[in-house]
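Visitor: Here it is: the structure, laid out below.
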Amino acid sequence: MSVRRGLPRVRCMGGVTVGYAAALEQLAPMEAVELSAYAEAHGFSGVMAADHFQPWVPAQGQASFVWNVLTAVAERTTGDLGPGVTTPTFRWHPAMVAQASATLAAMYPGRHWLGLGSGEALNEHVVAGYWPEAPERIARMFEAVEIIRKLFTASLAGKDTKHAGTFYKMESTRLWTMPAEPPPILVATAGPVTAKRAGRHVDGLITVGAPLEKIAGLFARFAEGAREAGKDPDTMPKVLQLHLSWAPTDEEAMANALREWPNGGMRFAKADIRSPWDLEQMAKMVRPEDFAGRMVVSADPDVHRAEIQRYVDLGFDRVYLHNVGRNQREWVDVFGAQVLPRLRR
């Protein structure tokens, strides 16, 4: 049996599906659950939750276990659920990620999708293993995808499977708890090579806000890989996580960005940085102008709406919004009333 390619069915606002990105780097677990339910009540559909072992910077203050939180969120909401994203290659053997995902999908049928990434040292180095360069991290991720796919397919067929590859071994086994249909697998990508491989091997892609021409290039390479594998890229989900800073004044919005999410203004790769304390020192160099072109910081809801609409027009099927400030309920109120209803497919 093949893995379903589409995302779970969800409600749409104005023809556009907009979910809530629960930043577990900032929110205590029950606060994340309560805010997810609050967001759904105000028009957001679905929850993407961060899989972090540590926050980016100490000021963020949290890092709860994503699978526990998603289960609690599922009990309080009706929309889709995705770890955005988890890494199946260092802290976890791919078989463990497959088991966690299959269990969540079995408990909440039709709601869960599995988002995977190649990882950051901030989270993955905690097991004190070798931290490889990016090409190896990506190769590990795609071998992990192969194992997860094998387990989903064989388990649904009532069979064992095994694996002996470049990076991983797995003895003959199966997942004894499975949903009727396995969750779609999406891969996080910010580069063209990974995007093409994702098109060939998984069901959809996830990326973060970036210049439109860069994302258009990712879409093109993703479509190229999908067609090589005999798939229709137009039917494959494209998911965006968009960080933003809204507050009642521009000054407060910028203060929130600088204090709570300075990593959004860092114009360099962060995948090799191991400590929130190191990032805190680097954050001292971030200035308001560093957020330009990387994250909208504004008190005007219409400025945010226009930015989200640009990505929707580019072809994203679903957008998950993360407001970086602690003013979550106030933000949900404003965006639920003034932004989401005005977005159009």
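The values are calculated or read from the model by the stated rules, or taken from the named source; none is laboratory data. Given the structure is predicted, the values throughout are model-derived calculations rather than measurements. Here the Cβ positions follow ideal geometry from the backbone for every residue, glycine too, while neighbour counts run over all protein chains shown. Accessible surface is based on the protein model in full, side chains and every heavy atom, while ligands, DNA and RNA are left aside. Shrake-Rupley method; radii C 1.70, N 1.55, O 1.52, S 1.80 Å.
Visitor: Distance check, please: which entries in K150/K196; K150/K231; K238/K284; K159/K238; K214/K284 exceed 26 angstrom between their Cα atoms? The partial results should precede the final answer.
Guide: On the way: K150/K196 21 Å; K150/K231 19 Å; K238/K284 34 Å; K159/K238 32 Å; K214/K284 28 Å.
Result: K238/K284; K159/K238; K214/K284 exceed 26 Å.
Visitor: Now for a separate question. Compute the projected area of the convex hull of the Cα atoms of the chain, averaged over all viewing directions, and report it in nm² to one decimal place.
Guide: Average projection, Cα convex hull of the chain: 15.6 nm².
Visitor: Hey, in the GNM for the chain with a 10 angstrom Cα cutoff, which one of F65, F268, F316 fluctuates hardest?
Guide: For the chain, modelled as a Gaussian network with Cα springs under 10 Å, the answer is F268.
Visitor: Right, something else. Pick out, from M254, G61, V16, the residue whose Cα sits farthest towards the positive end of the charge dipole of the chain, with +1 on the Cβ of Lys and Arg and -1 on the Cβ of Asp and Glu.
Guide: The listed residue farthest towards the positive side: V16.
Visitor: Report, in degrees rounded to the nearest 10, the 0 to 90 angle that the Cα long axis of helix 328-338 makes with the longest principal axis of the chain.
Guide: Tilt of helix 328-338: around 80 degrees.
Visitor: First select every other residue whose beta carbon is under 9 angstrom from the beta carbon of G225; then total the charges, Lys and Arg +1, Asp and Glu -1.
Guide: +4
Visitor: Could you tell me which of rounded, prolate or oblate describes region 267-345, using a ≥ b ≥ c as the square roots of the eigenvalues of the alpha-carbon gyration tensor, with rounded for a/c under 1.5 and, failing that, prolate when a/b is larger than b/c and oblate otherwise? Walk me through the numbers before you get to the answer.
Guide: On the way: a/c = 2.26, a/b = 1.79, b/c = 1.26.
Here region 267-345 falls in the prolate category.
Visitor: For K214 paired with D250, estimate the spin-label separation in nm (one decimal), with each label point 7 Å from Cα along the Cα-to-Cβ line.
Guide: Those two pseudo-labels are separated by 2.4 nm.
Visitor: How much accessible surface area, in Å² rounded to 10, belongs to the heavy atoms of L205 with a 1.4 Å probe?
Guide: About 0 Å², ignoring ligands and nucleic acids.
Visitor: Could you sort 197-203, 171-177 so that the peptide with the highest average Cβ count within 10 Å comes first and the rest follow in order?
Guide: Ranking, from highest mean packing down: 197-203, 171-177.
Visitor: So for region 77-127, what are the equivalent ellipsoid semi-axes in whole Å, largest first, each being the square root of 5 times an eigenvalue of the Cα gyration tensor?
Guide: After scaling each eigenvalue by five and taking roots: 23, 12, 7 Å.
Visitor: For helix 94-107, what angle does its Cα long axis make with the longest principal axis of the chain, in degrees from 0 to 90 and rounded to 10?
Guide: Value to nearest ten degrees: 70.
Visitor: I've got another one for you. Would you mind classifying region 16-116 by shape? Square roots of the alpha carbon gyration tensor eigenvalues, ordered a ≥ b ≥ c; an a/c under 1.5 is rounded, otherwise it is prolate if a/b is larger than b/c and oblate if not.
Guide: oblate
Visitor: In debye to the nearest 20, how big a dipole does the chain give about its Cα centre with +1 on each Lys and Arg Cβ and -1 on each Asp and Glu Cβ?
Guide: 1080
Visitor: What residues have an amide H closer than 5 Å to that of T17, excluding those fewer than 5 places away on the same chain, when H is modeled at 1.01 Å from N in the peptide plane?
Guide: V319
Visitor: Taking R0 as 41 Å, what FRET efficiency do you get between K231 and V303 from their Cβ-Cβ distance, rounded to the nearest 0.05?
Guide: Given R0 = 41 Å and the Cβ-Cβ separation, E is 0.65.
Visitor: Right, another one. First check a/c for region 209-345, with a ≥ b ≥ c the square roots of the eigenvalues of its C-alpha gyration tensor; if it is under 1.5, answer rounded, and if not, answer prolate when a/b is larger than b/c or oblate otherwise.
Guide: In terms of gyration-tensor shape, oblate.
Visitor: Let me ask something else about it. Which value at 222 nm does the chain reach when only helices count, each DSSP H run of 4 or more adding -39,500 (n - 2.57), with the total divided by all residues and rounded to the nearest 500 deg cm²/dmol?
Guide: Numbers: 11 runs with 136 residues, N = 345.
About -12500 deg cm²/dmol.
Visitor: Sorting check: for 92-103, 124-135, which peptide has the highest mean count of neighbouring beta carbons within 10 Å, and how do the rest follow? Could the numbers behind the result be given before it?
Guide: Details: 92-103: 21.0, 124-135: 12.8.
Ranking the peptides 92-103, 124-135 by packing returns 92-103, 124-135.
Visitor: Now for a separate question. Relative to the longest principal Cα axis of the chain, at what angle does helix 192-201 sit, 0 to 90 degrees, rounded to 10?
Guide: Approximately 50 degrees, to the nearest ten.
Visitor: Only loop residues by DSSP count here, and only those with at most 12 other Cβ atoms within 10 Å; note down the trypsin sites (Lys or Arg not before Pro) in region 95-168 that meet that.
Guide: K159
Visitor: Tell me, what HN-Hα J-couplings in whole Hz come from the Karplus equation 6.51 cos²θ - 1.76 cosθ + 1.60 at θ = phi - 60° for each residue of region 82-90, using x for Gly and Pro?
Guide: x, x, x, 10, 10, 10, x, 9, 10
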